[in-house]
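Participant: Here it is, the structure, as structure tokens.
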Amino acid sequence: MGMLDSALVFSEGQAVTATGDTASTNVYQSANANLGDEGLTGENLWLQAFCSTTATSGGSATVQAVLQDSADGVTYADVVAGPAVAVANVVAGKALLQVQPPPGTRQYQRVVWRIGTAALTAGKFDAYITNTLQRNIAQPSGFTVS
């Protein structure tokens, strides 16, 4: 992982269980209403949202990470959404959203964790903006050594 500014951390090990939208623990507020253009900096900045602890559900839950923005910090709208991922595939290290924040985002930004169909019984999530695209997330190997 490259540099990580604590002001750009939306969620760190955030437990999410309820269906519907759960807002990230933190909200990013740019200096003023006209500076929400992370995508226009000299660096390539990335919004990254991951599962940090494997999610489980008693039903057929889905998990989706969504970047939202707001002009007033009260009323938010979706900017970009990752795919709705079946709970069976939401394992530790799973990338749920990796995008460059689009130019023109408004002053306040947050990530919501959108849980569909059924509640989760476990699962924790991380989301942040950083200057590199993270690819070194530990994943299960997919094979057994005997």
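Participant: Which whole-Hz couplings ³J(HN,Hα) result when phi for each residue of the stretch 49-54 is put into the Karplus expression 6.51 cos²θ - 1.76 cosθ + 1.60, θ = phi - 60°, listed in order with x for Gly and Pro?
Facilitator: Ordered by residue, 3J(HN,Hα) equals 10, 10, 7, 9, 9, 3 Hz.
Participant: For A23 paired with A81, estimate the spin-label separation in nm (one decimal), with each label point 7 Å from Cα along the Cα-to-Cβ line.
Facilitator: 1.9 nm
Participant: Okay, next question. Treating only the Cβ of Lys, Arg, Asp and Glu as charged (+1, +1, -1, -1), what charge dipole size does the stretch 7-130 show about its Cα centre? Round to the nearest 20 debye. Can you show the working numbers first?
Facilitator: Values: 5 positive and 9 negative charges, 72 e Å.
It comes to approximately 340 debye.
Participant: Would you please give the residues with an amide H less than 5 Å from that of V99, counting only those at least 5 places away or on a separate chain, with H modeled from the backbone geometry?
Facilitator: Those lying under 5 Å, H to H, from V99 are L47.
Participant: So, one more: Just grab the label-to-label distance for Q100 and V74, each label 7 Å out from Cα along the Cβ direction, in nm (one decimal).
Facilitator: In this crude label model, Q100 to V74 measures out at 3.5 nm.
Each value in this text was obtained by applying a stated rule to the coordinates, not by laboratory testing. Just so we're clear, the structure is a prediction, and the values are computed from it rather than from any experiment. Virtual Cβ from ideal backbone geometry, glycine too; neighbours counted across all protein chains shown.
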